[in-house]
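Below: one structure, written as structure tokens.
All of the numbers you see were taken from the coordinates with simple rules; none came from a lab. It should be emphasised that the depicted structure is a prediction, and the values quoted were computed from it without experimental measurement. When we count neighbours, we look across all protein chains shown, and the Cβ atoms used for this are built from the backbone with ideal geometry, even at glycine.
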Amino acid sequence: MATTTKTVTELPAWKALSAHFQTIDRLHLRELFAQDPKRGERLTVEAAGLYLDYSKNRITDETLALLLELAEQSGLRARIDAMFRGEKINVSEKRAVLHVALRAPKGQSIPLDGEDVVPEVHSVLDRMADFSNRVRGGAWRGHTGKPIRNIVNIGIGGSDLGPVMAYEALKHYSDRAMTFRFVSNVDGTDFVEATRDLDPAETLFIISSKTFTTLETMTNAGSARSWSLAGLAGDEEAIAKHFVAVSTNAKEVTKFGIDTANMFGFWDWVGGRYSMDSAIGLSTMLAIGPDNFRAMLGGFHEIDEHFRTAPFERNLPVIMGLLAIWSNNFFGAQTVAVLPYEQYLKRFPAYLQQLTMESNGKHVTIEGHPLSYDTGPIYWGEPGTNGQHSFYQLIHQGTRLIPCDFIAFHKTLNRLGQQHDMLLANVFAQGEALAFGKTPHEVSAEGSADWLVPHRVFEGNRPSNTILMEQLTPAALGKLVALYEHNVFTQGAIWQVDSFDQWGVELGKVLAQRIIPELINEAEPKFVHDSSTNALIRRHRRFRDK
Ligand code: F6P
């Protein structure tokens, strides 16, 4: 792996971008479009069925050239190659980062420590397919002989967000005779509400946890075990028919009481937030069937190949990553709004939050040096058009700059009169309004009283990307997720951070473990806490259900 000893801000391209920013900051998108009537066609890139219009960003050809130069000087190419070669680029955990191997076709070879990992990937996929076919076809039956109709995935973080998002996104392709539920929160309400109308004799639990030690998942798995046994006459043998595990930790799976014959494995080179296409996607495969799941993997792979081979100036994830750097580090934008104009993608922003923020929410470089620049913008969003009637006001007229990613599909999966064209009209209108706004002159010309003009003015000059695809299919979803995975990679490589560790979640976990017995056993708080935490503990103990 190429290590960069210079920090990114010392690179000539970064310095040139800083100087260049002074000229761009004053330019309005209205001028940029007026100067170049073909801008909206020129500043676009299309690959693998994804069309990206990035013309509504506050950039000129010079900005783009400098950003591409920054990518070169940052060693992005070497880092991409290092990832695909299986080098241990997750430095702080000494791990390779090979989610791209999860969607490598049979026959491709990706060696890790001298061994090709692709055959193992396909052997797990084949086992998943066989299991899914048996459950979906009714050959796999519950303990009492009833077919399985309900699947409950228990997991959290990457072992939940990807499966939930993919299930919602691909519901159109799912077996509607089956019910899918997802339990993640240690709040008992999550489990109780997810299972209250289910028959244990028809319910299969997938315990999804890379480590198989995560507090929330193990606690919910324990509740699921009790719930199943209570509904199945307490017969321990029932567990084998109603529980399967997805994990890298066979020892803990066995300890929990699940036969490893019913375990689907993956590997430490798959990060939790990059795992929806591994065995963690078992619930997805059960919902949409193995063929659709493989089509999704095909979509991922197409973008992997595009990211690995396309020149940076035509490389979708690279361009998106560079534009994110431009907005974040030069314009000082703190967030990115992801706005899918597709109801099935309603959980996509939540999924992206872990992917982007757990990856790039970092405060030191790979070499451990504190950063002098911002990393990891806050990703958030809601499906359109709902957001328009909620927070878009702030995006249009607030004081903060919020770059937006609009995502839409030309063809709907649910044609209802002209509603799809109405939806698309809204997405195009939003990008237009954000970029061009409405001047005081235009507002006055419409007959507004002078005092009202400032309230009705839209400054415009607010950046957005528009991503268009033909239709939401399993392959399209794979492409979209891979686009963001590699966009995040690009950002992390330029910021010189380890995008694949997540030490920041550890402290809270450790402290919670310390506090749990102080609440449950009512032992006197050990006063190792601060006075605020001690008082909160005492207050809860006074009022909690006994
Ligand atoms: O919250 C931290 C984290 O480690 C995530 O990265 C991960 O996706 C999640 O917990 C769940 O972990 P596991 O799959 O091991 O239960």
Reach of Lys438 by Cα under 12 Å, taken over aspartates and glutamates that are not fewer than 8 positions away in the same chain: Glu446, Glu459
Set of the range 459-498 residues, backbone N closer than 20 Å to the point 7 Å along the Cα-Cβ line of Leu416: 471-473
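About its Cα centre, what dipole magnitude does the range 387-492 give when the only charges are +1 on Lys and Arg Cβ and -1 on Asp and Glu Cβ, stated in debye to the nearest 20?
Rounded to the nearest 20 debye, it is 220 debye.
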Which of Phe264, Leu282, Thr309, positive extreme of dipole for the range 182-316 (C-beta unit charges): Thr309
Residues Asp187, Asp545 arranged by fewest to most Cβ contacts within 10 Å: Asp545, Asp187
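Between Thr189 and Ala78, 0.36 nm times their residue separation minus their Cα-Cα distance comes to what? Please list the in-between numbers first.
Details: separation 111, 0.36 × 111 = 39.96 nm, distance 4.73 nm.
Using 0.36 nm per residue and subtracting the Cα-Cα distance, I get 35.2 nm.
Rounded, prolate or oblate: which one fits the range 1-114, using the alpha carbon gyration tensor with axes a ≥ b ≥ c (rounded when a/c is under 1.5, else prolate when a/b beats b/c, else oblate)?
Since a/c reaches 1.5 but b/c is at least a/b, the shape of the range 1-114 is classed as oblate.
Relative contact order for the range 321-420 using alpha-carbon pairs under 8 Å, separation at least 6, rounded to a whole percent? Before the final figure, lay out each step's value.
Numbers: 124 pairs, mean separation 40.9, N = 100.
Over the range 321-420, the number comes to 41 percent.
Could you put Ile325, Ile467 in order, starting from the residue whose Cβ has the fewest other Cβ atoms within 10 Å?
Working: Ile325 25, Ile467 22.
If I rank by nearby Cβ atoms, fewest first, I get Ile467, Ile325.
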From phi via Karplus (6.51, -1.76, 1.60), per-residue ³J(HN,Hα) for the range 192-198 in Hz, x at Gly/Pro: 4, 5, 6, 10, 4, 9, 9
Average Cα contact separation per residue, the chain, under 8 Å, 6 or more apart, as relative contact order %: 18 percent
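For Thr23 and Leu507, what does the FRET efficiency come to when R0 = 41 Å and r is the distance between their Cβ atoms, rounded to the nearest 0.05? If you can, show how the numbers build up before the last one.
Numbers: r = 44 Å, r/R0 = 1.06.
Computed FRET efficiency for Thr23 and Leu507: 0.40.
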Cα centre as origin, Lys/Arg/Asp/Glu Cβ charges: the range 15-69 dipole, Debye: 180 debye
Cβ charges +1 (Lys, Arg) and -1 (Asp, Glu), total dipole of the chain, debye: 800 debye
Net length gained if the chain between Asp545 and Lys15 were fully extended (0.36 nm per residue, minus Cα distance): 184.8 nm
Positive-end extreme of charge dipole, the chain - chosen from Pro383, Gln35, Tyr484 (charges on Cβ): Pro383
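For a Förster distance of 41 Å, can you work out the FRET efficiency between the beta-carbons of Asn534 and Ser372, rounded to the nearest 0.05? Can you show the working numbers first?
Numbers: r = 37 Å, r/R0 = 0.90.
That gives a FRET efficiency of 0.65.
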Three-way shape label, the range 143-189, alpha-carbon gyration tensor, a/c 1.5: oblate
Rel. contact order, % - alpha carbon contacts under 8 angstrom, at least six apart, the range 44-161: 10 percent
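What FRET efficiency do you get for Arg141 and Ser226 if R0 is 22 Å and r is their Cβ-Cβ distance, rounded to the nearest 0.05?
So, using R0 = 22 Å, E works out to roughly 0.50.
Need one number: % antiparallel among DSSP beta bridges in the range 77-228, to the nearest 5.
Percent antiparallel among DSSP bridges in the range 77-228 is about 30.
Where both partners of a DSSP beta bridge lie in the chain, what percent of those bridges are antiparallel, to the nearest 5? Walk me through the numbers on the way to the answer.
On the way: 13 of 45 bridges.
Once the DSSP bridges in the chain are tallied, antiparallel ones form about 30 percent.
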Reachable aspartates and glutamates, given that their alpha-carbon falls under 20 Å from the alpha-carbon of Lys38 and they are not under 8 places away in the same chain: Glu46, Asp53, Asp61, Glu62, Glu313, Glu432
